[in-house]
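One structure coming up, written as C-alpha cells, with questions to follow.
The values are calculated or read from the model by the stated rules, or taken from the named source; none is laboratory data. Here the structure is a predicted model, which is why all the values come from computation and not from measurement. Cβ placement follows ideal geometry from the backbone for every residue including glycine, while neighbour counts extend to all protein chains displayed. Keep in mind that these areas ignore ligands, DNA and RNA; they rest on the heavy atoms of the full protein, side chains included. Shrake-Rupley method; radii C 1.70, N 1.55, O 1.52, S 1.80 Å.
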Amino acid sequence: VPWGVRVAAEVGWRMLVLAGAVWVLMKVISDVQLVVLSFVAGLLITALLQPTVARLKRRGVPRGLATATVFIGGFVIMGLVTWFVVWQVTENIDDLTSKVQHGITDLKHSLLNSPFHVTEDQINNIADNLSKAIGSNTKDITSAGLEGVQVVIEMFTGILLTMFSTLFLLYDGPKIWGWLLKLLPGAAREGVAGAGPRAWATLTAYVRGTVIVALIDAIAIGIGIYFLEVPMAVPLAVFIFLFAFIPMVGAVVSGALAVIVGLVTHGVFTAAMVLVVVLAVQQIEGHVLQPFILGRAVRVHPLAVVLGVATGSLIAGIGGAVVAVPLVAVTNTVVGYLRAYSKEQALRAAPATHAPAAGEGRASAPADRVGAGGTRE
C-alpha cells in the first residue's frame with residue numbers, strides 16, 4: 001500500500017470516529033436542548049453577577065447574604081425591564097397600528113408616483129396574494145396557536161432552570177468546579193485546573209463588555225430615534241440591547257427593525273435618518289467601543305464569529321447564536337493555554353530525558369580501561 005494512501009486511510013478513519021462522536025454529542029444536546037440552553041444562560045448570567053458577589057464578600061458580607069442580594073437584585077431588574085417593554089408595547093400598539101396603516105397608504109401612493117412604473121393593479125395583486133396565503137395557512141396558524149401553550153410551559157421551565165443554575169453557580173461555583181476536576185484523569189487535572197480560571201476570566205470579560213457595549217448602543221440609537229419621533233422608541237432600544245448579544249446578525253436585524261418602523265410611520269426621509277443613526281453608532285461600536293471595552297482577551301476573528309453564529313443558529317436557533325461567540329472565545333483561550341502548557345511540560349521533561357541514568361557514568365569509566373586483549377589495564 002503506498003505511503004500516501006496509508007496515511008490518508010489512517011486520518012480518514014480517525015476523522016470518521018470524531019465525526020461520529022460529534023454527531024452523537026449534537027444528538028444528545030438536541031434532545032435536552034432546553035436543559036443545556038438554560039444552564040448556559042445561567043452560566044452567562046453568573047459571569048455577569050459573580051464579580052459583584054465577590055466584591056461584597058471582600059467587604060465582609062457573608063457568602064449566603066451576598067449571593068441572595070445579587071441574585072434577587074439581578075433578576076428583579078431583568079423582570080422590571082421585561083415588564084416595562086411589554087407595558088410600552090401594549091400602550092403604543094394602537095397608535096402604531098394606525099400609523100402603520102397611514103404609512104402603508106403613503107407608501108402605496110409613493111410607489112404609484114415613482115419612476116418604477118408600478119401600477120395599482122400590481123399592488124392590489126400583491127395584497128391579494130398575501131391574503132390568500134394567510135387564508136390557506138389558517139390551519140397551520142391555528143395549530144401554531146395551540147402549540148403556543150407548550151411553548152409557554154417550556155419557556156417558564158427554562159426560566160426556572162436558569163434561575164436555579166444561576167443561584168447555585170453563584171453560591172457554590174468553586175466547589176462545583178473542584179468536583180468536576182476530580183472527574184478528570186490525574187494526568188490532565190493540572191492543565192485543566194490552570195485553564196479553568198482563564199476561561200472564566202474570558203467569559204466574564206466577554207459578558208460584561210457585551211452588556212456595556214449593548215447598553216451604549218441601545219441608549220444612543222434610542223435617543224436618536226426618539227428625537228426623530230419614531231413610535232415605541234424605548235421598546236426598540238430594548239430590542240437593540242437584546243439583539244446586540246448576537247454579534248453582527250443581531251445589529252443588522254435590530255437596525256432593520258428600527259428603519260422599517262420609521263419607514264411605515266413617517267416615510268422615507270425618517271427611515272433614511274434612522275439608518276444614518278444606526279450605522280453611525282455601529283461604526284463607533286466596531287472601531288472604538290469593542291476594542292476598548294472588550295480588549296484583546298476576547299478578540300475573535302470575524303470569520304470565526306460568522307461561522308460560529310451560523311452554526312449555533314442551525315443547531316439551537318437564537319439561543320445557539322447567542323451562545324456561539326462566547327463559546328468560541330472561551331475555546332480559543334483554553335486551547336491557547338493548553339498549547340503553552342504542553343510546551344512548558346515538554347521543556348521541563350527534556351533535560352530529564354537526555355540526562356544519563358543513575359550509575360551510567362561509573363559503569364562506563366572502567367570499560368574505557370579494558371585493553372585490546374580483554375584484560376584490564
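Is the range 11-21 home to any residue that is open to solvent by less than 60 Å² (accessible area, probe 1.4 Å), among the β-branched types (Val, Ile, Thr), more than 24 Å from GLY196 (Cβ to Cβ) and at pLDDT 90 or above?
no
Something else about it: Cβ contacts < 8 Å: first residue more than 15 Å from GLY286 (Cβ to Cβ), restricted to the range 247-266; second residue outside any helix (DSSP H, G or I) and open to solvent by 70 Å² or more (accessible area, probe 1.4 Å), any location; separation 6+ or different chain. Result?
HIS266/GLU229
Consider LEU236 against the criteria (1) more than 26 Å from ALA41 (Cα to Cα); (2) crowded, with 21+ Cβ neighbours inside 10 Å: it satisfies all of them except one. Which criterion is unmet?
LEU236 satisfies every listed condition except (1).
A follow-up question, please. Among the residues of the range 215-230, how many are surrounded by 21 or more Cβ atoms within 10 Å (Cβ to Cβ) and touching a Ser or Thr at 6+ places or on another chain (Cβ under 7 Å)?
1
In the range 153-195, how many residues are over 23 Å from LEU56 (Cβ atoms) and either under 23 Å from the mean Cα position of the chain (by Cα) or part of a helix (DSSP H, G or I) (or both)? Give the steps one after another, and end with the answer.
Initially, the range 153-195 is screened for residues over 23 Å from LEU56 (Cβ atoms), giving 153-161, 179-195.
Subset that is either under 23 Å from the mean Cα position of the chain (by Cα) or part of a helix (DSSP H, G or I) (or both): 153-161, 179-182, 186-195.
Result for the range 153-195: 23.
Can you confirm whether TYR226 is among the aromatic types (Phe, Trp, Tyr), without any contact (Cβ under 8 Å) to a residue 60 or more places away in the chain and assigned to a helix (DSSP H, G or I)? Reasoning before the result, please.
Values: among the aromatic types (Phe, Trp, Tyr): yes; without any contact (Cβ under 8 Å) to a residue 60 or more places away in the chain: yes; assigned to a helix (DSSP H, G or I): yes.
Yes; evaluated as a whole, the condition is true for this residue.
Looking at ALA310, ALA321, ALA329, ALA340, which is the one that is modelled with pLDDT of 80 or more, under 53 Å from the mean Cα position of the chain (by Cα) and within 19 Å of LEU203 (Cα to Cα)? It would help to see each step written out before you state the result.
Working: ALA310 fails: within 19 Å of LEU203 (Cα to Cα); ALA321 fails: modelled with pLDDT of 80 or more; ALA340 fails: within 19 Å of LEU203 (Cα to Cα).
Criteria check complete, one pass: ALA329.
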